[in-house]
Amino acid sequence: MFENRGHLLTEQSNPNSQDLDRLDSLALVDLFCQEDARTIEAVAASRESIARAIDRTAESLRRGGRLFYIGAGTSGRLGVLDAAECPPTFCTPPDMVQGILAGGKDALVRSSEALEDRAEDGEAAIAHRDIGDNDVVVGISAGGTTPYVRGALREARRRNATTVFIACVPVEQVSAEVDVDIRLLVGPEVLAGSTRLKAGTVTKLVLNILSTSVMVRLGKVFGNRMVDVSVTNRKLLDRAVRTIVDLTELSRDEAAQLLDRCGNRVKLALLVYWSDWEVEAAQSLLDKHQGQLRPALDEVRG
C-alpha cells in the first residue's frame, strides 16, 4: 500500500492560488512574487541552524574533509549545480564539494524520480565514496521523506560523518536524526505539490549561503573579492586582473604581468605586491597560514 503524504506541508493546497487557472498573466506574476517572498522569510527563520552548518562544514574541510550534497529530482540537481560552481569560483579541488543525484548524470536532464524510493541506493552512494568522519553530508529533501536521502544520511551517520538535513516541512511532520536540521517553511506551493517552485528556490538560496560562507571561512575571499578564482577563461582573467587593479595601485598591464608571474593566482599576486617578497617566499607564507591571505598579510605588516 502506498504511503499517504497529503498531510505534508509541501503537498497541501495553497489557499492563495485556488483560482490559478483563471488568472491572467499579470496576476500570475504578482501571485508568484507574493509567494516567493516567503523564501527569504524562511531562510531568516532558520539562520541559526544554517550558521551551525557553516561552522561544522568549514571545520571539517579544514581537516581535509569533503562536502557532499545528496538528493533526488530537483533537490539533487540543485546540489550538483552548487558543487559544480565551487571549482571555478573558489579554485577548490573537484572532489572537495560534490553533488550526488539519484540516477546519476542521466537524471540531470531526464526525470528519474522513481529512483528516489530506493533507500539502499542512497546507502550505497555513501559507501561508494568512502565517506568518513572528516566529511559532511547534506541531505536535501523538500518533503523530508525521500528514502534515497534518508538512506544516505543513515549510512553517513553510521560512518561518523557530519550530517545536515534540508527540508521544507516542520519537524513535527517528519523528524530526522542528524547533526544540523534546517527547516525551510515556505508553505504550500502555488501549484500544489510542485516543489521545484518555492521549495527549490529556498533550497538554492541556502546552498548559496552555505557554500559561499564556508569558502569565506576557508580564506578564499578577501573583503568581498574572489581571490581564489580559477582563471580558466577570458571573463575570469578579466575579473582577476580587475581585482588586483581595484585593490592595488597597479595599471591593468602591470596587474596582468604580476598575475602571470604568480601563475594566475590572485591571492598570491596580492601578497607579493603588498609584501614586496619574491613569489616563492610569499607562497610559503600563504602555506604557513593555510592559504589565508589576511593573517599572512598581518604577519608581513607586523
Next item on the list: Return 40, 166, 54, 182 ranked ascending by Cβ neighbour count within 10 Å, so the fewest neighbours appear first.
Entry: 40, 54, 182, 166
Margin query: Between residue 25 and residue 234, how high is the FRET efficiency from 1/(1 + (r/R0)^6) when r is the Cβ-Cβ distance and R₀ = 35 Å? Nearest 0.05.
Written below: 0.35
Next item on the list: Please name which of 156, 89, 104 has its Cα lying farthest along the dipole of the chain towards the positive end, using unit charges on Cβ (Lys, Arg +1; Asp, Glu -1) and the Cα centre as origin.
Entry: 89
Notebook entry, point to check: How long are the semi-axes of the ellipsoid equivalent to the chain, from square roots of 5 times the Cα gyration tensor eigenvalues, in whole Å, largest first?
Noted result: 40, 23, 16
Check: Can you list the lysines whose alpha carbon sits under 23 Å from that of residue 198, skipping same-chain ones fewer than 8 residues off?
Finding: none
Next item on the list: Can you tell me the dipole magnitude for region 1-147 around its Cα centre, using point charges on the Cβ only (Lys, Arg +1; Asp, Glu -1), in Debye to the nearest 20?
Entry: 440 debye
Notebook entry, point to check: Classify region 87-244: rounded, prolate or oblate, from the alpha-carbon gyration tensor (a ≥ b ≥ c, eigenvalue square roots; a/c under 1.5 rounded; otherwise prolate if a/b is larger than b/c)?
Noted result: prolate
Item checked: In range of the label at residue 301: residues from region 238-272 whose backbone nitrogen is under 15 Å from the point 7 Å along Cα→Cβ -> 247-249, 270-272
Margin query: Under a Cβ-only charge scheme (Lys and Arg +1, Asp and Glu -1), can you give me the dipole magnitude of region 105-230 about the Cα centre, in debye to the nearest 20?
Written below: 500 debye
Check: Can you give me the relative contact order of the chain as a percent, contacts being Cα pairs under 8 Å and 6 or more apart?
Finding: 20 percent
Margin query: Among 81, 23, 207, which one shows the highest mean-square fluctuation when the chain is modelled as a Gaussian network with alpha-carbon springs under 10 Å?
Written below: 23
Check: Based solely on its DSSP helices, what 222 nm [θ] is calculated for the chain when runs of n ≥ 4 H residues each add -39,500 (n - 2.57) and the sum is averaged over all residues, nearest 500 deg cm²/dmol?
Finding: -16000 deg cm²/dmol
Item checked: Debye, to nearest 20: dipole size of the chain, +1 on Lys, Arg Cβ, -1 on Asp, Glu Cβ -> 460 debye
Next item on the list: Compute the relative contact order of region 100-245 as a whole-number percentage, counting only Cα pairs closer than 8 Å that sit 6 or more residues apart in sequence.
Entry: 15 percent
Next item on the list: Could you compute the FRET efficiency for residue 85 and residue 130, with r as their C-beta to C-beta distance and R0 at 22 Å, rounded to 0.05?
Entry: 0.35
Note to self: Starting from the Kirkwood Rh over alpha-carbon pairs, what translational D in µm² s⁻¹ does region 92-172 have by Stokes-Einstein at 37 °C and 0.692 mPa s?
What the structure shows: 251 µm²/s
Item checked: Helix axis angle, 234-247 relative to the chain longest principal axis, alpha carbon, degrees -> 60 degrees
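None of the figures in this text is laboratory data; all of them are computed from the coordinates on show. This one's a predicted model, so the numbers in the text were calculated from it and none came from an experiment. Cβ atoms come from the backbone with ideal geometry, glycine included; neighbour counts cover every protein chain shown.
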